[in-house]
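The values are calculated or read from the model by the stated rules, or taken from the named source; none is laboratory data. Because the structure is a prediction, the values reported are computed rather than measured. All Cβ positions, glycine included, derive from the backbone under ideal geometry; neighbour counts span all protein chains shown. All accessible areas refer to the heavy atoms of the entire protein, side chains included, with ligands and DNA or RNA removed. Shrake-Rupley method; radii C 1.70, N 1.55, O 1.52, S 1.80 Å.
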There are 2 protein chains.
Amino acid sequence: MAMFRPAAIDWLRRYDGQTAGADGLAAIIVTIMLVPQSLAYAMLAGLPPAAGLYASILPLIAYAAFGSSRTLAVGPVAVVSLMTAAATAEAAVRTGIDPAAAALLLAGLSGVMLLAMAALRLGFVANFLSHPVIGGFITASGLLIAAGQAGHLLGVSARGDTLPAILTSLYDGLVTRGVNWPTLAVGGAALAFLGWGRKGLKPLFRRAGLGPRTAEAAAKAAPAVAVLASIVVVNRLDLAAMGVRVVGVLPAGLPPLTLPPLGLDAVMALAGPAALISLIGFVESVSVAQTLAAKRRQRISADAELVGLGAANIAAAVSGGYPVTGGFARSVVNFDAGAQTPMAGVFTAAGIAAAALFLTPLFRDLPQAVLAATIIVAVLSLVDLKAPLRAWAYARADGLAMVATILGVLLAGVEVGILTGVALSLALFLRHSARPHMAVVGQVPGSQHFRNVDRHAVATSPHVLSVRIDESLYFANARAFEDRIASLVACRPALRHVVLMCPAVNLIDLSALESLEAINRRLAEAGIDFHLSEVKGPVMDRLGHSHFLDMLTGRIFLSQHAAMQALDPVVTAGADDLTMRLPAS
Amino acid sequence: MAMFRPAAIDWLRRYDGQTAGADGLAAIIVTIMLVPQSLAYAMLAGLPPAAGLYASILPLIAYAAFGSSRTLAVGPVAVVSLMTAAATAEAAVRTGIDPAAAALLLAGLSGVMLLAMAALRLGFVANFLSHPVIGGFITASGLLIAAGQAGHLLGVSARGDTLPAILTSLYDGLVTRGVNWPTLAVGGAALAFLGWGRKGLKPLFRRAGLGPRTAEAAAKAAPAVAVLASIVVVNRLDLAAMGVRVVGVLPAGLPPLTLPPLGLDAVMALAGPAALISLIGFVESVSVAQTLAAKRRQRISADAELVGLGAANIAAAVSGGYPVTGGFARSVVNFDAGAQTPMAGVFTAAGIAAAALFLTPLFRDLPQAVLAATIIVAVLSLVDLKAPLRAWAYARADGLAMVATILGVLLAGVEVGILTGVALSLALFLRHSARPHMAVVGQVPGSQHFRNVDRHAVATSPHVLSVRIDESLYFANARAFEDRIASLVACRPALRHVVLMCPAVNLIDLSALESLEAINRRLAEAGIDFHLSEVKGPVMDRLGHSHFLDMLTGRIFLSQHAAMQALDPVVTAGADDLTMRLPAS
């Protein structure tokens, strides 16, 4: 295994003042965006608001040192915060562990798992999360998060890991405690402002004379503006006394150095969620990083991303944070604001640290309803309810996997939903490969090319049956394959040769080899020779290790054309007795 | 869904005296073989010996009415008896149900599941039991059964579902109670006689003047001879008084009409084992039935087999039996003895019924050690310890799946072993398809055929990169595929066209479609056109439902040859600037 070489070694060597200026500007914009977001996502994760700030300091520096993306911005994100809330609540019930301690342990476990995946080159495991599953998961999480935060807007608490549980809890809260109108007023105003601001602010700034990119960046400061305005309002009108919940007193200072508690019970309870958080976080990060890298013709390394995210999570575990990953929105802001290197992340960390040191008194009167509004606006932009229809229109299997994931997440929670989606995706793939498409093929006139007799006008021979199987041959389809060959042969009395065309056969396993031997034996008893054509190199190597080639009654041809030339030269020469087949309607 | 039509309708119409004679002769031979076997397997299943006889009466008639094989002989078999013993013991511990009642319920559940599989056309599920998994399961079950029966030979009891448990229990029995020498003498003599008889009896009968088939059939009566001789010895020497365990008093008479108990607890406890017994029994039956049918150019129907086995198990459940399936040894005997139709099964049922009515007093003094000897000789012939080596030599994945199944069955029991084997087989298949083989291809000179540049002497163009991907494109390999295309393009500065040759692509799912779109976009940004060739009909239909064809910068060619003719006519014309590549060493 080659030694791991952090990308930081390369970019640090060429670091200069101009790059530092670009990185610094980007960092200022990201910091203004990240401070309210960190507080909000910590609230979503069911943790003290300070945990959000702490998770946005040391992890950014750790990622900058080991990650490979130039512009990915790591920190707390919505879906991982939701998963953290569910996992720590569950672990608290089962083992009595404090949720904040459980969050540290979760980050630590996730970090160790990501590093282990890097060491074992297991990054490919993330590929088993298909696009429909990820898309469905994000849409459903967005709905879950928005429903849960609606409680904060109304001044009642809404708890639960599933949509029915959240809605029930919301209903109970409304019935027993009623709406807190001042909370709804402040939160509703923030929601309206932020919702409008997503589209309305940029043109406003443009008309005010700002350049397009400056206007875009300035529009991202909307949450910070909403936060500051709401603090002023709450403070002046003393809304806290009227039941508007506020963030309250935050400890001022840098993150505490912490060690996650290590109890076997707690580790067992959190290992599953940590694995899922690692996978989801990794997939999200890599997607974002790849998208941004492609725009500047840079490349990222999946292994380096595993190391970078692993280091970031371990940093979160030892500095009072909770699981972090690369966020889409903040990375795009960082990229658009002109960040050149991961040093922008280090500068952002410094900005957040300054906020933790000096700004915490400011947040005392920050209403939770405004944080909820920032979360709702952010996550609803991720919800795409038409995606399942688009997926279904392309392929039923993809649509089914997406719908199953969405329903699973909404009705049974994140973990069950994702596992259902992955299991269904794999089952549908296996079902497809277990029922292979087979085609009788003939020669496209004037070429050496052979295609399906039902789709193309091709020439065939009454003595030679050429069959193409469109799948690897393995245990799940070997018997169906045997049956199909038997029924194709049964209705052709003049047959003397069967040629199995294998361009799509990428694997022949032992079960399928035994089926081929059975087919060869049965055809021989009927006086028919069995041939193969276009067998690929790796498959041919494998067959060479068996006795099949010795017992084969026919030959192995390099191409289907060579097979037909040898077995029925008349057809390939294009002579008169061509049996022309027209394509099916 | 077409209405199910029992095969019996056809063969009963043409039934005549000559066929009846052939069937009757076969039935006599099978009955002589089946009586001791039924008693032995019931003992193996942990049930009263009569359950074995009862399971060999009504189920045979039910299968004759609905099954499609002419010669399959159903009844109690070794591996299903072992699984029944494990399942009923487990259910007894968990729910307090009596093992005999649990066995009835198990047979009933298995029958209902088999009928449900037939109704839902789910027979293909059995295909997921690959040959290495079935082979490993049978070898390991044979070892488990032989180890368990060794206790009966030594006169101590050996219990347990795993090899360590059985060996520990055997050791404890030997330490605390010691060997019962009369038992060992009788059992050892039977074992030696039956072991020798498998190979030695037929030549003896041949030398005595019998024809080859008669000698073969007569040799199958060896267990019956051992049983009769041991009864005489035990009775005359009164060995039962010396501690030799005997079958004891059997109720004389036809099977009682029973109804399995229906408790939700018991159904829940037995549903899993019943599903596995159904699958294993179905796979075994179909394999045996197919092998025999092919010898006489008959065909069997998987759906009819499901109905036949389902009916047989329901018959077992209502007549004091336990789960049954088609047995290999008895079906071969039935076939070789000349059985023509399933009426042979009906005659056999009559023979066993006669035994149950009139012969039960005879079995009072039958030593259990002799039944154990018949089981050991039968199952050890199924053990094939070299099979894993042969599987490994052909393909590591097959060898691994077989070894995992064997170890799983021996160390953790039948269910865990089979599920481990199936899960590992699927995981290895997915791993293979997740890491697809890709080849840069060039034209085989003088043909229109394109092959791997590393294996064949082919012509390529500096402007056109032709890549063949040897796998369906789906979520598990879409990202790896993107990466490979990117790195292939990166080292070819003169490139103007990339042609993806798709003869092995049997599926493009939504995740892979998005990867193709990303590749198309990235290549376009680098000024390279992206083409596809040899896209199969079903895949092309699917692509037609997406926007991919509108955004594709290049074209879709019917054949790779057509693509090269259009993009770089010089190479295909075989002109001077051919870049000839030699195969790798």
Here the whole-number average of other chain Cβ atoms within 10 Å per Cβ of B:507-517 is 5
With the 8 Å Cα cutoff and a minimum separation of six or more residues, chain A has a relative contact order in percent of 22 percent
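Would you please name the trypsin sites (Lys or Arg not before Pro) within segment B:62-143 that are DSSP coil residues with at most 13 other C-beta atoms within 10 Å of their C-beta?
Answer in residue order: B:121.
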Descending packing, highest mean Cβ count within 10 Å first, for A:48-60, B:105-117, B:392-404 is A:48-60, B:105-117, B:392-404
Excluding ligands, DNA and RNA, the carbon-plus-sulfur percentage of the accessible area of segment A:438-581 with a 1.4 Å probe reads 52 percent
Per its Cα gyration tensor (rounded if a/c is under 1.5, else prolate when a/b beats b/c, else oblate), segment A:274-364 is best filed as oblate
Rounded to the nearest 100 Å², the accessible area buried between B and A, both sides, probe 1.4 Å, is 6300 Å²
So the angle from the long Cα axis of helix A:99-119 to the longest Cα principal axis of chain A, reported in degrees to the nearest 10, equals 40 degrees
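Using r as the Cβ-Cβ distance of residue B:10 and residue B:221, and R0 as 35 Å, what FRET efficiency do you calculate, to the nearest 0.05?
Values: r = 33 Å, r/R0 = 0.94.
That pair, residue B:10 with residue B:221, gives E of 0.60.
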Residue by residue through segment A:155-163, the couplings from Karplus 6.51 cos²θ - 1.76 cosθ + 1.60 with θ = phi - 60°, in Hz, x for Gly and Pro, are x, 10, 8, 10, 10, x, 9, 10, 4
Label model pair residue B:265, residue B:514: point-to-point distance (7 angstrom along the Cα→beta-carbon line) in nm is 4.9 nm
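Let me make sure I get this right: for the protein assembly as shown, a, b and c are the square roots of the gyration tensor eigenvalues over alpha carbons, sorted descending. Under 1.5 in a/c it's rounded, otherwise prolate if a/b > b/c, else oblate. Which is it? Spell out each step's value before the answer.
Values: a/c = 2.55, a/b = 1.50, b/c = 1.70.
In terms of gyration-tensor shape, oblate.
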Mean separation of Cα contacts under 8 Å (at least 6 apart) over the residue count of segment A:438-581, i.e. the relative contact order in percent, is 27 percent
Expected integer from the mean partner chain Cβ neighbour count at 10 Å over A:478-484 is 3
Rounded to the nearest 10, the angle in degrees between the Cα long axis of helix A:131-154 and the longest principal axis of the Cα atoms of chain A comes to 20 degrees
Bridge orientation stat for the protein assembly as shown from DSSP, antiparallel percent rounded to 5, came to 50 percent
at residue B:206 the sorted inter-copy label distances (label 7 Å from Cα on Cβ side), in nanometres, are 9.6
Among beta bridges assigned by DSSP with both residues in segment B:438-581, the antiparallel ones amount in percent, to the nearest 5, to 45 percent
As straight-line cross-link partners of residue A:386, the qualifying lysines (C-alpha separation under 23 Å, not fewer than 8 residues apart within one chain) are A:199
So the angle from the long Cα axis of helix B:343-358 to the longest Cα principal axis of chain B, reported in degrees to the nearest 10, equals 30 degrees
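Accessible area of segment A:33-427 with a 1.4 Å probe: how many percent of it is carbon plus sulfur? Don't skip to the answer; put the middle values down first.
Numbers: 10530 of 15370 Å².
Its accessible area is 68 percent carbon and sulfur atoms.
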Within segment A:189-224, the residues whose backbone N lies under 16 Å from a label point placed 7 Å from the Cα of residue A:25 along the Cα-to-Cβ direction are A:210-220
Descending packing, highest mean Cβ count within 10 Å first, for A:539-552, B:435-448 is B:435-448, A:539-552
Rounded to whole Å², per residue accessible area for chain A with a 1.4 Å probe reads 40 Å²
The answer for trypsin sites (Lys or Arg not before Pro) in segment B:303-389 that fall in a DSSP coil and have at most 14 neighbouring Cβ atoms within 10 Å is B:386
Shape call for segment A:379-433, from the Cα gyration tensor axes a ≥ b ≥ c (a/c under 1.5 means rounded, otherwise prolate when a/b beats b/c, else oblate), comes out oblate
Mean Cβ-within-10 Å packing, highest first, puts peptides B:224-234, B:245-255, A:26-36 in the order A:26-36, B:224-234, B:245-255
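Using helices alone, what [θ] at 222 nm do you get for the protein assembly as shown, with -39,500 (n - 2.57) per DSSP H run of 4 or more residues, divided over all residues and rounded to the nearest 500?
Details: 50 runs with 732 residues, N = 1170.
For the protein assembly as shown, the value works out to -20500 deg cm²/dmol.
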Taking placed amide H atoms and a strict 5 Å upper bound, the residues 5 or more places from residue B:458 or on another chain that come that close are B:581
With the label set 7 Å along Cα→Cβ, residue A:547 is separated from its counterparts in the other copies, in nm and shortest first, by 5.9
Shortest first and in nm, the label-point separations between residue A:121 and its counterparts in the other identical copies (7 Å out along Cα→Cβ) come to 4.3
Cα extents of segment B:190-229 per principal axis, largest first, Å, are 26, 16, 13
For chain B, percent of DSSP beta bridges that are antiparallel (nearest 5) comes out at 50 percent
Shielding of B:468-477 by other chains, given as the mean Cβ count within 10 Å, works out to 6
